[in-house]
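Data block below; observations after.
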Amino acid sequence: MSHPIEVLILCTGNSCRSVMAEALLNHLGQGRFKAYSAGSKPAGHVHAGALATLKRHGIPAGTPASKSWDVFAHQPLDIVVTVCDSAAAESCPVFLGTSGQKPRKLHWPTPDPAHAAGSPAEIVEAFDTAFFMLKTRIEHLIAETPAV
């Protein structure tokens, strides 16, 4: 049996987008992928809106925690994904390959729903927009990635 494809999903605060993407990939990848998430400047908490969005769409959240990408500095990875929204001028963390390995690097710019403003319905819509953007990209990743 082949080992799961190891994926690290990075953003700035590791409280919304990367957490949702980690849960989505672990769920939709059905054991073919093992996803983790981290941030360059961890918020120290997982945003309640991210957890509510996952629950609303039937995706198990697992036990997410906001943590630094430094935790994964020595872990061999197959793929590293950044989800920072470059249009918002966020600083995306850079992850260097470990143990001589060069992971595949992907960038999926995704607006940060943690900064959404407006009515409760507009905030839910911002979380859903990010969720469905990530879900579409993850479905493509799963379809195009051969087993290791």
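The values are calculated or read from the model by the stated rules, or taken from the named source; none is laboratory data. This one's a predicted model, so the numbers in the text were calculated from it and none came from an experiment. Using ideal geometry, Cβ is built from the backbone for each residue, glycine included, and neighbour counts are taken over all protein chains shown.
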With (1) touching a helix residue (DSSP H, G or I) at 6+ places or on another chain (Cβ under 6 Å); (2) more than 24 Å from Asp128 (Cβ to Cβ) as the list, and Val46 as the residue in question, which single condition is left unmet? (2)
Need pairs with beta-carbon distance below 9 Å; first residue of a type in the set (Ser, Thr, Tyr) and within region 70-83, second in a loop (DSSP other than H, G, I, E, B); sequence gap 6+ or separate chains. Thr82/Cys92; Thr82/Pro93; Thr82/Val94; Thr82/Phe95; Thr82/Trp108; Thr82/Pro109
Considering each of Ser40, Ser66 in turn, give the residue that is surrounded by 15 or more Cβ atoms within 10 Å (Cβ to Cβ), more than 17 Å from Trp108 (Cβ to Cβ) and in contact (Cβ under 8 Å) with a residue 40 or more places away in the chain. Ser66
As an exercise: evaluate Ser18 against (1) surrounded by fewer than 20 Cβ atoms within 10 Å (Cβ to Cβ); (2) under 18 Å from Lys135 (Cα atoms); (3) hydroxyl-bearing (Ser, Thr, Tyr) and give the number of the one condition it does not meet. (1)
Checked region 132-147 for anything surrounded by 12 or more Cβ atoms within 10 Å (Cβ to Cβ) and part of a loop (DSSP other than H, G, I, E, B); matches are Thr145
Check Val7 against each of (1) farther than 16 Å from Lys105 by Cα; (2) surrounded by 23 or more Cβ atoms within 10 Å (Cβ to Cβ) and name the one condition it does not meet. (1)
Go through (1) in contact with a Ser or Thr (Cβ under 9 Å, 6 or more places away or on another chain); (2) at pLDDT 95 or above; (3) under 27 Å from Glu144 (Cα atoms) and name the single condition Val46 misses. (3)
Taking region 1-60 on its own, how many of its residues are in a helix (DSSP H, G or I), β-branched (Val, Ile, Thr) and over 13 Å from the mean Cα position of the chain (by Cα)? 1
